[in-house]
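See below for the structure under consideration.
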Protein chains: 2
Amino acid sequence: MRDITVLSGGHGGSKFISGLLHGISTGRIPGIEEDARVTVIANTADDLWMHGVKVCPDLDTVMYTLGNGFDHDRGWGRKGETWSIKEELEAYDVPGTWFGLGDRDIATHLVRTQMIEAGYPLSQVTTALSERWLRSVWDDRVRLLPMTDDRVETHVAVKDADSPSGLSVVHFQEYWVRLRAGVPVEKLIFVGQDESRPAPGVMDALLKADLVIVPPSNPVVSVGTILGVPGIREGIIATPAPVVGISPIIGGHHVRGMAEQMLAAIGVGATAAEVGLHYGTRGAGGVLDGWLVDAADADALESLHASGLKAAAVPLWMSDDDSTADIAAAAVGLVAR
Amino acid sequence: MRDITVLSGGHGGSKFISGLLHGISTGRIPGIEEDARVTVIANTADDLWMHGVKVCPDLDTVMYTLGNGFDHDRGWGRKGETWSIKEELEAYDVPGTWFGLGDRDIATHLVRTQMIEAGYPLSQVTTALSERWLRSVWDDRVRLLPMTDDRVETHVAVKDADSPSGLSVVHFQEYWVRLRAGVPVEKLIFVGQDESRPAPGVMDALLKADLVIVPPSNPVVSVGTILGVPGIREGIIATPAPVVGISPIIGGHHVRGMAEQMLAAIGVGATAAEVGLHYGTRGAGGVLDGWLVDAADADALESLHASGLKAAAVPLWMSDDDSTADIAAAAVGLVAR
């Protein structure tokens, strides 16, 4: 298998891809050529405009992680980051300083914003930014695509006693960063999704792939929003490539983020089995051929097999690139012919 | 005299105003009340868009200087500045990194750009930014106005052997910062000036002033551009207040900047006398009642007096707020009744 396509959110997805690339280039993933090319289709429904600049958290997390610019100690943003602008915006007492933008990160957003205002679609902007982060490191072995060039934004309806309707609707980032995912979610609203179209290259990356991977990203607000772009789900159903996913839920909990809250909002239980069944089996309306769960979730295998999914249970903690490469190898092994 | 209006460029003007305010509040300027109010009408013809943000160098130099945020050691920009964004923009290899924007400075431009894109005129944006820098320090004793809300930009035609016409036209900042004012100037072009209007408050600040001061700012690209906004020169000619200026040329040279080159471009000699005569005498088509020159330029007094200007020669080096307050006192003394 030479052409691998991965649907990705931010942290979980980029960590997985980092391990996948490590595994590929060290030849430890049987069935994948060492010169394989990885296309990442990233979620853009978390994107927002802040302080006048366009911020694309998942695209940037993938870029920074694969381009050796990610701050692994902090767990988000740029390494060597400085915070002068945040201090200044607080001194100006402008709204929105709850969303911590570092100075280096803002430089990326300034370049992106200028290109968007000059008329370039997000996919071309992403290619331009990737010159620095991906092409210089990986040459043509890694390609990053936004799921769409259109505006899609996840909004969250939360209880608000001060509002006449009893609800407030906030941008996903406000729910996640300002409210720390700490208030009950009444409803998720995917603004613009029904009218969005896959970005150039996305459909080809699915239909011409040798393998499609759904990494341990958030099944609702990362992978779910990618699958919600009209055409993408159909492309995954139609591709001749096998499709394999890795559970982001281990032992009934997300490893990081707020998948539990998001799954609850759409009525799916936060278990490895229920998430696998939520994605569903290809040929039965779903998108997966295989679903890898953690060793702690081996009891999920029976119901997964019963649904027609290939499934296995292996350790899923991505503690370093080596262990993540092993996870990738297990996922590939599950669906490789 | 209680209402003082000052036409200002960046560095020279703000340094003068700082000393003026010091002199006023310590009661060392005879004829000016200690609770006098100073309105600054600042040049905006140096303004530019860089990396997608609106930069107003003279407005900001005045704000930062009077608001204790100016870096006096570097001689421009914010104290405590950091340079992460500049590094990043260089790493992205985008054009325009010759114009050094610091991170803290960019925060100001982000706030400004957002307000401008939301539809606020520059004068209202400036009032909002002044809350932090001026109002918090000076209450209602200092007010900052842009000369106009309209786009006026100084462009410079320079010799360019590679161009078919033999000329290139660059933004003033490109001439000054990138080319370091080191190439001969063929012509100055004030884009948009003829169609510009004085910003709200500007005409009142001139017509209702008790005193108008032209500080030692650049007579061509700072004060000259302010006077070039249709209505402003007429307001200065019509105001009942006396108008006094301080020479930016000492001993045939500018103290800082590129006044010599700019004066050459409009055919005015770089001497204290010629600059005073260039501004001219009120009642004879000019804008001044008095003109203060440096002690080294006492030989200019004869021709200045002959033109009808009140004139005196005193030390004009603004080495600190005390010496600058003395200069302000001498200027006021020249025209006070």
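The values are calculated or read from the model by the stated rules, or taken from the named source; none is laboratory data. All of these numbers come straight from a predicted model, not from anything done at the bench. Cβ placement follows ideal geometry from the backbone for every residue including glycine, while neighbour counts extend to all protein chains displayed. For accessibility, only protein heavy atoms count, side chains too; no ligands or nucleic acids. Shrake-Rupley method; radii C 1.70, N 1.55, O 1.52, S 1.80 Å.
Cβ contacts < 8 Å: first residue within 21 Å of A:Asp47 (Cα to Cα) and open to solvent by 10 Å² or more (accessible area, probe 1.4 Å), restricted to segment A:1-22; second residue among the aliphatic types (A, V, I, L, M) and part of a loop (DSSP other than H, G, I, E, B), any location; separation 6+ or different chain. Result?
A:Gly12/A:Val255; A:Gly12/A:Met318; A:Lys15/A:Met318
Let me spell it out: the conditions are (1) within 10 Å of chain B (Cβ to nearest Cβ); (2) of a type in the set (A, V, I, L, M); (3) open to solvent by less than 30 Å² (accessible area, probe 1.4 Å), and A:Met147 meets all of them except one. Which number is the exception?
(1)
Need the failing condition index for B:Pro230 against (1) under 20 Å from the mean Cα position of the chain (by Cα); (2) at pLDDT below 95, just the number.
The one condition B:Pro230 does not meet is (2).
Here is a check on your reading of the model: is A:Val214 within 13 Å of the chain's Cα centre (by Cα) and aliphatic (A, V, I, L, M)?
yes
Exactly one condition in (1) away from chain A (no Cβ under 14 Å); (2) among the acidic types (Asp, Glu); (3) surrounded by 16 or more Cβ atoms within 10 Å (Cβ to Cβ) is false for B:Asp139; which is it?
(3)
Do we find that A:Arg28 is surrounded by fewer than 24 Cβ atoms within 10 Å (Cβ to Cβ), in contact with a strand residue (DSSP E or B) (Cβ under 7 Å, 6 or more places away or on another chain) and more than 30 Å from B:Arg112 (Cβ to Cβ) in this structure?
no
Would you be able to tell me the number of residues in segment A:113-126 that are open to solvent by 50 Å² or more (accessible area, probe 1.4 Å) and in contact (Cβ under 8 Å) with a residue 12 or more places away in the chain?
Residues flagged as open to solvent by 50 Å² or more (accessible area, probe 1.4 Å) and in contact (Cβ under 8 Å) with a residue 12 or more places away in the chain within segment A:113-126 amount to 0.
Answer with yes or no whether A:Val191 is of a type in the set (A, V, I, L, M) and over 16 Å from the mean Cα position of the chain (by Cα).
yes
Going by what's in this entry, would B:Glu186 be described as of a type outside the set (S, T, N, Q), touching a strand residue (DSSP E or B) at 6+ places or on another chain (Cβ under 6 Å) and surrounded by fewer than 21 Cβ atoms within 10 Å (Cβ to Cβ)?
yes
Can you find a residue in segment A:248-270 that is open to solvent by 20 Å² or more (accessible area, probe 1.4 Å), more than 18 Å from the chain's Cα centre (by Cα) and charged (D, E, K, R)?
no
Give the residues of segment B:69-97 that are within 12 Å of another protein chain (Cβ to nearest Cβ), on the phi < 0 side of the Ramachandran plot, open to solvent by 70 Å² or more (accessible area, probe 1.4 Å) and not in a helix (DSSP H, G or I), sorted by residue number.
If the condition is that a residue be within 12 Å of another protein chain (Cβ to nearest Cβ), on the phi < 0 side of the Ramachandran plot, open to solvent by 70 Å² or more (accessible area, probe 1.4 Å) and not in a helix (DSSP H, G or I), then B:Lys79, B:Trp83, B:Pro95 are the ones that fit.
Looking at segment A:98-107, which of its residues are open to solvent by 40 Å² or more (accessible area, probe 1.4 Å) and either part of a helix (DSSP H, G or I) or facing chain B (nearest Cβ under 9 Å) (or both)? Before you say what the answer is, go through the steps one by one.
In the first step, residues of segment A:98-107 are kept if they are open to solvent by 40 Å² or more (accessible area, probe 1.4 Å); the result is A:98.
Answer for segment A:98-107, where residues must be open to solvent by 40 Å² or more (accessible area, probe 1.4 Å) and either part of a helix (DSSP H, G or I) or facing chain B (nearest Cβ under 9 Å) (or both): there is none.
What do you reckon, is A:Val62 closer than 20 Å to A:Val38 by Cα, open to solvent by less than 10 Å² (accessible area, probe 1.4 Å) and either more than 9 Å from every other protein chain (Cβ to nearest Cβ) or charged (D, E, K, R) (or both)?
Yes: the conditions hold for A:Val62.
Just to verify a result, which residue in segment A:299-322, among those that are open to solvent by 30 Å² or more (accessible area, probe 1.4 Å) and assigned to a helix (DSSP H, G or I), is nearest to A:Ile29 (Cα to Cα)?
A:Asp322
Going through segment A:36-52 one residue at a time, which ones are assigned to a strand (DSSP E or B) and either within 14 Å of chain B (Cβ to nearest Cβ) or aromatic (Phe, Trp, Tyr) (or both)?
Answer for segment A:36-52, where residues must be assigned to a strand (DSSP E or B) and either within 14 Å of chain B (Cβ to nearest Cβ) or aromatic (Phe, Trp, Tyr) (or both): A:Leu48, A:Trp49, A:Met50.
Which is facing another protein chain (nearest Cβ under 10 Å), open to solvent by less than 10 Å² (accessible area, probe 1.4 Å) and more than 30 Å from A:Gly69 (Cα to Cα), of B:Leu110, B:Leu134, B:Leu129?
Result: B:Leu129 is the single residue among B:Leu110, B:Leu134, B:Leu129 that is facing another protein chain (nearest Cβ under 10 Å), open to solvent by less than 10 Å² (accessible area, probe 1.4 Å) and more than 30 Å from A:Gly69 (Cα to Cα).
Of all residues in segment A:21-35, which are in a helix (DSSP H, G or I) and among the hydrophobic types (A, V, I, L, M, F, W, C)? Give the steps one after another, and end with the answer.
Residues of segment A:21-35 in a helix (DSSP H, G or I): A:21-25.
Within segment A:21-35, A:Leu21, A:Ile24 qualify.
Hey, which of the strands (runs of 3 or more DSSP E) in segment B:137-252, taking only ones fully inside, have at least 1 residues that are farther than 20 Å from B:Gly9 by Cα and free of Cβ contacts under 8 Å to residues at least 24 places away in the same chain?
It comes to B:167-171.
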